[in-house]
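These notes are about the structure you will find just below.
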């Protein structure tokens, strides 16, 4: 998660503190531009980086 909870000593209650801005949190919860383009298209470039053995792979496509 992008937030942590802590106990406020002066109020004695639990509050949420965000490490990132609310805008970043909203983009994380509701991603945009997710999917794949046609890899056989001549105007689509694909780059893959990472280590597939451990599952750390990122694929970026541009058109």
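Identify, please: which residue in segment 27-38 is part of a loop (DSSP other than H, G, I, E, B) and either touching a residue at least 12 places away in the same chain (Cβ under 8 Å) or over 16 Å from residue 58 (Cβ atoms) (or both) and is, among those, farthest from the chain's Cα centre (by Cα)?
Out of the qualifying residues, it is 38.
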Here the residues within segment 27-37 that are surrounded by 10 or more Cβ atoms within 10 Å (Cβ to Cβ) and modelled with pLDDT under 90 are 27, 28
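The values are calculated or read from the model by the stated rules, or taken from the named source; none is laboratory data. Predicted model, so just to flag it, every value in this text is computed and none were measured. Positions of Cβ are backbone-derived with ideal geometry, glycine not excepted, and every protein chain shown enters the neighbour counts.
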